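Visitor: Dumping the structure here so I can ask a few things about it.
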Amino acid sequence: MKTKHLITIVALVALIATVIGMSLDARKESNLKKSKAHYQQALAHQRQGDRDAATAEFTKAIEKNPGFALAYYRRGALITRIKPDQAISDLTRAIALDPGLSHAYVIRAGTYHRVQEYDKAWDDVHKAESLGIHPDFKSHWKNFVPTLRKDSGREK
């Protein structure tokens, strides 16, 4: 009789664990879908020039999926001129989540330059160059590096 009860208890525990696991997977899947929807909405706001609404939507995307590197990157790039410290934090998080995100190094280098942290800017320049500069940033890069040289007093 004890063995029968023990088997019943083990079966119930296994069933409960399965149901909880399915529930967590469904919630995670729902959050990922919501995160992507907020991200797309943020991009639409950004295209329309509504920086505040875009920033809010990127934030919602991050809240639903804290591992969303592109959302951190986009929010950081969007606020780099108005909130450089938060931008650096967002770009650093994006890089931690996706170390191959070369354009995050480019934007963070520019942000470090803006706050006169030239050594860190140069570190990001070197990393971005080692990863390969995204074609969208090539013309910006041609202007940025000479300006960094002049302002930092360094060649590289």
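The values are calculated or read from the model by the stated rules, or taken from the named source; none is laboratory data. All values derive from a computational prediction rather than experimental measurement. We place every Cβ from the backbone using ideal geometry, glycine too, and count neighbours over all the protein chains shown.
Residues are listed down the side, and each one gets a yes or a no for (1) over 20 Å from S35 (Cα atoms); (2) assigned to a helix (DSSP H, G or I); (3) out of contact with any strand residue (DSSP E or B) (no Cβ under 8 Å at 6 or more places or on another chain):
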residue	(1), (2), (3)
P66	no, no, yes
I82	yes, no, yes
R93	no, yes, yes
V106	yes, yes, yes
Q116	yes, no, yes
D123	yes, yes, yes
N143	yes, yes, yes
T147	yes, yes, yes
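Visitor: Just the residues that are in contact with a Lys or Arg (Cβ under 7 Å, 6 or more places away or on another chain) and either farther than 22 Å from G49 by Cβ or aliphatic (A, V, I, L, M) (or both), please, taken from the stretch 63-91.
Guide: Hits for the stretch 63-91 are K64, L78, I88, L91.
Visitor: If you scan the stretch 57-104, which residues turn out to be more than 12 Å from the chain's Cα centre (by Cα) and acidic (D, E)?
Guide: Passing the criteria: E57, D85.
Visitor: Okay, next question. Counting just the residues of the stretch 92-144 that are buried (at least 17 other Cβ atoms within 10 Å of the Cβ) and polar (S, T, N, Q), which one comes out modelled with the lowest pLDDT?
Guide: Step by step, filter the stretch 92-144, then rank; the result is S102.
Visitor: Follow-up. Could you give every pair whose Cβ atoms fall below 7 Å, whose first residue belongs to the stretch 45-56 and is in a helix (DSSP H, G or I), and whose second residue is among the charged types (D, E, K, R), counting only separations of at least 6 or pairs across chains?
Guide: H45/E57; T55/R75
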